[in-house]
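The structure appears right after this line, and notes come after that.
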Amino acid sequence: MSEANNHTQLQKLFYFIHIHELNDFITFYEQCSSALKPFEHAEILFRACRFDSLNFVRAILKDNKRIAINVRHPSTGYSPLFIAIRAQQHEIIDYLDQEKRADVNGNSNISIHCESMTSCAHEALRQHDQLTLCLLLEHEALIDQSHIFLAIIECFRLLQKKALPLNLLDILITHRPKLLDEIERSKLTSFIVRRMQYSSEAAYSMSVVALLNKLINVDDLRSLSRPYLDPTPTESRSHYTKVAIIGAGPAGLMLAALLARSGIDSVVLERHSRSYVENNIRAGVLEQSTVDLLDEINVSERLFKEGIVQRRVNFQFDGENTAIPITEITQGKSLVIYGQQYVLHDLIEKLIQDNQQLWFNIDSVKIDRHDKIGDNHPPMIRFRRHDQNDEEELHCDFIAGCDGATSPCCRQSIPSELLQTIHHLYPFSWLSILADTPPSGTELIYAHHSKYGFALHSLRSLTRIRFHLQISPTDTLADWPDDRIWTELNERVKPINGQTSITKGEILERAIFPLRSSITLPMQYKRLFLVGDAAHIVPPTGAKGLNLAVKYARVLAEALVNFYDNEKWDKLNDYTQTCLSHIVKNQEFANWMTLVMHKLDLSEKSNRQNADLIDQYTQQELQENIKHSSIFQCFIAEMYTL
């Protein structure tokens, strides 16, 4: 069975799982199971564990030769039991643990300094799942200090939800009474102090006092941490948080969600309305690592149900199609088509659910202080709310600049003599349209036509397509009426679904933008850190923009967690260098893709005519390698699933 046929079979099996059609699933699974690869069997099992389908899980695991009970996800290494715990599917958890005796420590790397927190017991703590935690401990799940610290984090998160937080700690301590004695009291005290929210109401609640009395002497803590426990502002328009995040795009919202997951308070300031943020249609191709990260913070249910999985990427050169089987090459990794607006909506819903502060319609944002001055003057931001004249202040420990490519607030606030911005403008632009039309195939199509240039076919849904066309940098929208758009699309792109031409449809949006790239160095200044497009821009040919933004959000989140947990600055100090290593690799890939796929300017007007001729010969050789070289195809598959 071909890789394309396997994709169709998988989609059909997923459909049966989603609509709970067990008999049809069993019949069809038996018919095609011998042709499915091991990673495809695993993907079906993982899908069943997510969507409350115990009978489906039983059917999949019926034959031990097809799949092992402790099979690992190709990207995250998670087991079926771990995924069932994350999805809170208790019938499946009981079945895997008690009947199948799944390895309860399979995701764990237990040591006295364990930082990964990826065991099944860790996930049960994150889900506040007392029953599963007890079950895992009964079956000899290993626990260490990291579980105590995670339970403390979850206690503070539970406080925000008005729930009872102490049972998680009680279960751990009852199971291993001497565990607390193994932790230095000074380390425990410092950890709790740094985890305190700036809300005095939360800090002095009875639940927090009970938590502190259980672990340390609360009076000692109060004398040690008075600035944290009583930050009452002197003015009603002064606010306090740990991390101020300017911008509610992918980078800002992902950073807020990652910090919330670790119990670190933040405030997000966004100049647009929530409706604008959630309806601004932008990028839509998610790499495997982005999907994994959204799953890690519990923002993936809708993504897994509605996202369009891309297991192949198509490259066309003058109509000749080469399909690169990225999932087969990577043994299970894939891309997912899921619009940025949906990602932002899901993140906003999650943050609101977790009682995080998102302030929309914020005007006149200005960074007043980038650093801490003495004990009483932390970094500060001034701002106004829309339609209000009174200026407000936001005091914080750190500022994350996530305000986009123009970065009107954050990057502009850094002294110009300290910044170096490297720009590159490509000699062509893109005409981007969003159209209601049936797809010409359910996969990405990158097309190069030697006469007309580049085009990209990218699904946004099964009835809506995003097209990009290479055009002259001097073209305007008036130069591209509907008829010309559809004519040139049909010249450049060959449908892969058997159709003879692309079906015309209503064009909902159209815009022209130049292709460019830039990197701003350094990406940090005192306690301000630039994240996402505020620090770099990559050409969209490699679909890296959103994916890079969330990568840097993770880098900064890990550095901030390291600071609050361990009082260490090393990861914060290394932020620019850490991000730069990602930028260079992805920038080079995007440049490479741009060179391979676009028509080059060989006219006499070109100032680089000889160089462009060399580029053309290079381009032709690279295109042949994409069509025929397994090494090149593996490289593309790896870069698309980082």
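The values are calculated or read from the model by the stated rules, or taken from the named source; none is laboratory data. Since the structure is predicted, the reported quantities are computational estimates derived from the model, not experimental observations. Heads up, the Cβs are rebuilt from the backbone with ideal geometry, glycines too, and the neighbour counts pull from every protein chain shown.
Just one of the numbered conditions (1) under 30 Å from residue 624 (Cα atoms); (2) at pLDDT below 95 is not true of residue 445; which one? Exception for residue 445: condition (2). Within segment 31-66, the set of residues being modelled with pLDDT under 90, in contact with a Leu (Cβ under 9 Å, 6 or more places away or on another chain) and over 17 Å from residue 305 (Cβ atoms) comprises just one member, 66. For segment 256-287, taking the residues that are polar (S, T, N, Q) and farther than 25 Å from residue 458 by Cβ, the one that is surrounded by the most Cβ atoms within 10 Å (Cβ to Cβ) is identified as 266.
For every residue, the table says whether it meets (1) out of contact with any His (no Cβ under 7 Å at 6 or more places or on another chain); (2) closer than 20 Å to residue 459 by Cβ; (3) surrounded by 17 or more Cβ atoms within 10 Å (Cβ to Cβ).
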position: 506; (1), (2), (3): yes, yes, no
position: 510; (1), (2), (3): yes, yes, no
position: 514; (1), (2), (3): yes, no, no
position: 518; (1), (2), (3): no, no, no
position: 535; (1), (2), (3): yes, no, yes
position: 539; (1), (2), (3): yes, no, yes
position: 557; (1), (2), (3): yes, no, yes
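Where helices (runs of 4 or more DSSP H) sit wholly within segment 1-96, those with at least 2 residues that are surrounded by fewer than 21 Cβ atoms within 10 Å (Cβ to Cβ) occupy 3-18, 22-32, 38-50, 54-60, 90-94.
Under the condition of being acidic (Asp, Glu) and out of contact with any Phe, Trp or Tyr (no Cβ under 9 Å at 6 or more places or on another chain), which residue from segment 390-448 is farthest from residue 495 (Cα to Cα)? Can you show your working first?
Taking segment 390-448 as the starting set, the residues that turn out to be acidic (Asp, Glu) are 390-393, 397, 403, 417, 436, 443.
Among the residues that remain, those that are also out of contact with any Phe, Trp or Tyr (no Cβ under 9 Å at 6 or more places or on another chain) are: 390, 403, 417, 436, 443.
Details: 390: 57, 403: 38, 417: 51, 436: 16, 443: 10 Å.
Top of the filtered list is 390.
Does segment 34-59 hold any residues that are among the aliphatic types (A, V, I, L, M) and under 24 Å from residue 326 (Cβ atoms), and which are they? Hits for segment 34-59 are 35, 36, 42, 44, 45, 48. Against the conditions (1) within 24 Å of residue 380 (Cα to Cα); (2) of a type in the set (D, E, K, R); (3) out of contact with any strand residue (DSSP E or B) (no Cβ under 9 Å at 6 or more places or on another chain), residue 585 satisfies every one except (1). Only strands (runs of 3 or more DSSP E) whose full extent lies in segment 213-272 are considered here, and the ones with at least 1 residues that are at pLDDT 90 or above, in contact with a helix residue (DSSP H, G or I) (Cβ under 6 Å, 6 or more places away or on another chain) and not aromatic (Phe, Trp, Tyr) are 243-246, 266-269.
Conditions tested, residue by residue: (1) basic (Lys, Arg); (2) under 30 Å from residue 544 (Cβ atoms); (3) out of contact with any Asp or Glu (no Cβ under 6 Å at 6 or more places or on another chain).
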position	(1), (2), (3)
347	no, yes, yes
352	no, yes, yes
366	yes, no, yes
373	no, no, yes
393	no, no, yes
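Output yes when any residue across segment 459-482 is more than 20 Å from residue 514 (Cα to Cα) and in a helix (DSSP H, G or I), and no when none is. Yes: one or more hits. The single condition among (1) at pLDDT below 95; (2) outside any loop (DSSP other than H, G, I, E, B); (3) more than 29 Å from residue 445 (Cβ to Cβ) that residue 614 does not meet is (3). Quick check on segment 412-427. Is at least one of its residues surrounded by fewer than 18 Cβ atoms within 10 Å (Cβ to Cβ) and touching an Asp or Glu at 6+ places or on another chain (Cβ under 8 Å)? Looking through segment 412-427, at least one residue is surrounded by fewer than 18 Cβ atoms within 10 Å (Cβ to Cβ) and touching an Asp or Glu at 6+ places or on another chain (Cβ under 8 Å). Taking into account only those residues within segment 454-487 that are under 18 Å from residue 321 (Cβ atoms) and out of contact with any helix residue (DSSP H, G or I) (no Cβ under 9 Å at 6 or more places or on another chain), which is surrounded by the fewest Cβ atoms within 10 Å (Cβ to Cβ)? The selected residue is 458. The residue that is nearest to residue 101 (Cα to Cα), among those in segment 155-170 that are surrounded by 19 or more Cβ atoms within 10 Å (Cβ to Cβ) and either in contact with a strand residue (DSSP E or B) (Cβ under 8 Å, 6 or more places away or on another chain) or modelled with pLDDT of 85 or more (or both), is 168.
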